[in-house]
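First up is the structure itself, then whatever we jot down about it.
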């Protein structure tokens, strides 16, 4: 039996941290939380998660800057990110290409949407990893 996927949830709103963490844990994931980008960066670099769900607007280090820094660090360069944004806030194509942001989900969102994206993204990442492993073995 494999261990549950590790997810880092980053948001400065306590309600969102609690709600997402509880739903993800109930869904079988191992969850760590952080309340700002600086705390999240330290947590992610010390123990890289399988996926990060982060808010865009946060104190100390915003979500896009956090995602750029993750991409630049060899320990976290391949960790996929789901970005939560306030309504109407769009990320540019350049911001998406220079980070590992795989999905942008506008607020308000449903926990069901987050779970579906999480499942889909982790399944896709595992398929890629399996393919790479198979190619290396050949």
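Taking the range 110-122 on its own, how many of its residues are in contact with a strand residue (DSSP E or B) (Cβ under 9 Å, 6 or more places away or on another chain), closer than 18 Å to residue 22 by Cβ and surrounded by 15 or more Cβ atoms within 10 Å (Cβ to Cβ)?
Of the residues in that region, 3 qualify.
Only strands (runs of 3 or more DSSP E) wholly contained in the range 1-71 count here; list those with 3 or more residues that are free of Cβ contacts under 8 Å to residues at least 40 places away in the same chain and under 21 Å from residue 126 (Cβ atoms).
Result: 30-34.
Return the residue satisfying two criteria in turn: it lies in the range 78-96 and is in a loop (DSSP other than H, G, I, E, B) and modelled with pLDDT under 95, and of such residues it is surrounded by the most Cβ atoms within 10 Å (Cβ to Cβ).
It comes out as 91.
The values are calculated or read from the model by the stated rules, or taken from the named source; none is laboratory data. A quick note: this is a predicted structure, and the numbers were derived from the prediction, not measured. When we count neighbours, we look across all protein chains shown, and the Cβ atoms used for this are built from the backbone with ideal geometry, even at glycine.
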